[in-house]
């Protein structure tokens, strides 16, 4: 039987909550389930305000709007990341300054930031790849010294921690994803913007509501709502919030299960180190959330061979990002710096199946197949 790379987990109460949302007569968002999710997440993270969005991409775009970027303002971000991280700021006319990964991890090299800051730099956007924290001490020190905003791309990081504190609470803003590939989902798509800087809350509410002060109107704070700023339609449907609420109720179970799977991979694949194969590196300051488990092969040829070898055994393993600095869209705009580690991970990293319902026998099949591949290489 085929082992897929990912399989969305259903806790069993999603359809009941969706039916409740339908019966409530309030489907367009900001209803009972939206409020329930936001309040729960605010308490879980200890954040001043959480706003559900239609996707993690929308959460990033909302964050970019809050920056009031002007043409040629600069944003520092990793090259080894999904296009959404970059597109959110490119849409506002920003110049993207890409930061290379490190030799030990796909996350960007925080030690490079100081040398890349210019008078035009406005923000730093660290990506917590695989739910493993970036070096937020160094990142925040650079930001504070240069009066920059930190926007965490925490799309993969719900439940991850930096020095014991939840990821998503380390910068002024943070974007999370509830896509079906994430630990919990809002029915396929969804996201949230975490606002840790209280002065940004009121405007974030306006931007999310098409540039109107509608949220304040529904709270009885204004007599009428008006168009008061730019904005867009970032608010998810109540059905998505109902689905997400069912998942959040089981978050602790989901996280524990995924972390157990991650730990088993890490323990049983340790012998690959002798072959020069990289396993995830979790710094002492970080606690990972079981989002994904990856190997770093010695070459792109080896990775392709491993993926094909697993495919022949009905196991789906896949590579990940292509570096954005030399992408078809942005290569001509890049400043020409070589970013060798971003290319290295694009060529050599492979992700193994990891999802809540992955059975012990299935995981053993995967582990045995990987070990067999390296024994016969």
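The values are calculated or read from the model by the stated rules, or taken from the named source; none is laboratory data. Here the structure is a predicted model, which means the values were calculated and not measured. For neighbour counting, all protein chains shown are included, and Cβ atoms are generated from backbone atoms with ideal geometry for every residue, glycine included.
Considering 166, 198, which residue is surrounded by fewer than 16 Cβ atoms within 10 Å (Cβ to Cβ), over 12 Å from the mean Cα position of the chain (by Cα), modelled with pLDDT of 95 or more and closer than 17 Å to residue 38 by Cα? Lay out the reasoning, then the answer.
Working: 166 fails: surrounded by fewer than 16 Cβ atoms within 10 Å (Cβ to Cβ).
Exactly one residue qualifies, and that residue is 198.
Does region 93-115 include one or more residues that are within 21 Å of residue 48 (Cα to Cα) and in contact with a helix residue (DSSP H, G or I) (Cβ under 6 Å, 6 or more places away or on another chain)?
No, every residue in region 93-115 fails to be within 21 Å of residue 48 (Cα to Cα) and in contact with a helix residue (DSSP H, G or I) (Cβ under 6 Å, 6 or more places away or on another chain).
Out of all the residues in region 155-174, is one or more part of a strand (DSSP E or B), in contact with a helix residue (DSSP H, G or I) (Cβ under 6 Å, 6 or more places away or on another chain) and free of Cβ contacts under 8 Å to residues at least 40 places away in the same chain?
Taking every residue of region 155-174 in turn, none turns out to be part of a strand (DSSP E or B), in contact with a helix residue (DSSP H, G or I) (Cβ under 6 Å, 6 or more places away or on another chain) and free of Cβ contacts under 8 Å to residues at least 40 places away in the same chain.
Count, please, the residues in region 134-163 that happen to be under 17 Å from the mean Cα position of the chain (by Cα) and either assigned by TED's automatic domain parsing to the domain that holds residue 258 or closer than 20 Å to residue 75 by Cβ (or both).
Counting residues in region 134-163 that are under 17 Å from the mean Cα position of the chain (by Cα) and either assigned by TED's automatic domain parsing to the domain that holds residue 258 or closer than 20 Å to residue 75 by Cβ (or both) gives 11.
Quick one: is residue 188 over 20 Å from residue 39 (Cα atoms), surrounded by fewer than 24 Cβ atoms within 10 Å (Cβ to Cβ), in contact with a strand residue (DSSP E or B) (Cβ under 8 Å, 6 or more places away or on another chain) and in contact (Cβ under 8 Å) with a residue 60 or more places away in the chain?
Taking the combined requirement at face value, the residue does not satisfy it.
Could you go through region 124-139 and let me know if any residue there is without any contact (Cβ under 8 Å) to a residue 24 or more places away in the chain and out of contact with any strand residue (DSSP E or B) (no Cβ under 9 Å at 6 or more places or on another chain).
no
Name the one entry in 294, 265, 285 that is surrounded by fewer than 19 Cβ atoms within 10 Å (Cβ to Cβ), within 26 Å of residue 82 (Cα to Cα) and not assigned by TED's automatic domain parsing to the domain that holds residue 41.
285
So which of 115, 84 is closer than 24 Å to residue 203 by Cα, out of contact with any strand residue (DSSP E or B) (no Cβ under 7 Å at 6 or more places or on another chain), in the same structural domain as residue 137 (by TED's automatic domain parsing) and assigned to a helix (DSSP H, G or I)?
Criteria check complete, one pass: 84.
Tell me the residue from 43, 21, 47 that is part of a helix (DSSP H, G or I), assigned by TED's automatic domain parsing to the domain that holds residue 204 and under 22 Å from the mean Cα position of the chain (by Cα), please. If you could, list the steps in order and put the result at the bottom.
Values: 21 fails: under 22 Å from the mean Cα position of the chain (by Cα); 47 fails: part of a helix (DSSP H, G or I).
On inspection, the qualifying residue turns out to be 43.
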